[in-house]
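Okay, structure first, notes after.
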Amino acid sequence: GLAGGAGQMMQMALEEAESGISLSTFGVGNEFNEDLMASLSENGRGMYYFIDHPSQLPTILAKEFTLTEQVVATGMKIEVDLRADIALNKVYANKYDMEQSKLIIYGGALSAGERRRYQIKLQPPALGSGSYAVGGVQLAYTPAGTEQVVMAQQELNLVYQKNIKGIDTHTD
């Protein structure tokens, strides 16, 4: 981890992100702490940019401001409820909590055209060939300019098979 003032900056970025303020960082040239810049933007749910030359700044800043003006959803939250015999090995997300067998991922605000990808690494039990229900995913968010929470749900299934070509058919 990062020590001292860097740790305080990380905490501040995380707290502000939870209240809807994102932090993007810019590394210009070669003389900056890349780990710090990347970590701050990750905790602040913003973007991290490496810039070869300061002349690139106006274009990148214009892009950032455009994204900020076009927030389409806030309070994004993803809940993954898993069967008890499914082990959760790793979560690839900025901010998340575990409550018993439920994983909760906090996504903050989403801008128009922005894509988010969250991954989890699971260890399922050894089962015979076939399809098994292993849990469900629920997405909740508030569309910009409203106070109404929108929800969508998806069941999670695990397919065991020996045919390697069939794996692509069941990838989701």
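The values are calculated or read from the model by the stated rules, or taken from the named source; none is laboratory data. What you see is a predicted model, and the numbers here were worked out from it, not measured in a lab. Positions of Cβ are generated from backbone atoms using ideal geometry, with glycine treated the same way; all protein chains shown enter the neighbour counts. With ligands, DNA and RNA removed, areas are computed over all heavy atoms of the protein, side chains included. Shrake-Rupley method; radii C 1.70, N 1.55, O 1.52, S 1.80 Å.
Within the range 25-56, the residues that satisfy the criterion of being over 15 Å from G7 (Cα atoms) and of a type in the set (S, T, Y) are T25, Y48, Y49, S55. When D81 is tested against (1) loosely packed, with under 13 Cβ neighbours inside 10 Å; (2) among the charged types (D, E, K, R); (3) over 13 Å from the mean Cα position of the chain (by Cα), exactly one condition is not met: (1). Residues in the range 44-67 that are within 16 Å of A13 (Cβ to Cβ), of a type outside the set (F, W, Y) and open to solvent by 40 Å² or more (accessible area, probe 1.4 Å): M47 alone. There is at least one residue in the range 83-105 that is under 29 Å from Q11 (Cα atoms) and touching a residue at least 60 places away in the same chain (Cβ under 8 Å). Scanning the range 100-131 for residues that are open to solvent by less than 60 Å² (accessible area, probe 1.4 Å), closer than 22 Å to Q70 by Cα and within 15 Å of the chain's Cα centre (by Cα) yields G107, G108, A109, L110, S111, E114. Contact annotation: residue pairs with Cβ atoms under 8 Å, 6 or more positions apart or on different chains, pairing a residue in the range 122-148 that is over 19 Å from N89 (Cβ atoms) and in contact (Cβ under 8 Å) with a residue 12 or more places away in the chain with a partner that is of a type in the set (K, R) and surrounded by fewer than 14 Cβ atoms within 10 Å (Cβ to Cβ), are S129/K162.
More than 17 Å from the chain's Cα centre (by Cα), open to solvent by 50 Å² or more (accessible area, probe 1.4 Å) and on the phi < 0 side of the Ramachandran plot - does that describe any residue in the range 90-97? Steps first, please.
Let us first name the residues in the range 90-97 that are more than 17 Å from the chain's Cα centre (by Cα), namely none.
Within the range 90-97, none of the residues are more than 17 Å from the chain's Cα centre (by Cα), open to solvent by 50 Å² or more (accessible area, probe 1.4 Å) and on the phi < 0 side of the Ramachandran plot.
With respect to the conditions (1) modelled with pLDDT under 90; (2) within 28 Å of S22 (Cβ to Cβ); (3) assigned to a strand (DSSP E or B), V137 lacks only one, and its number is (1).
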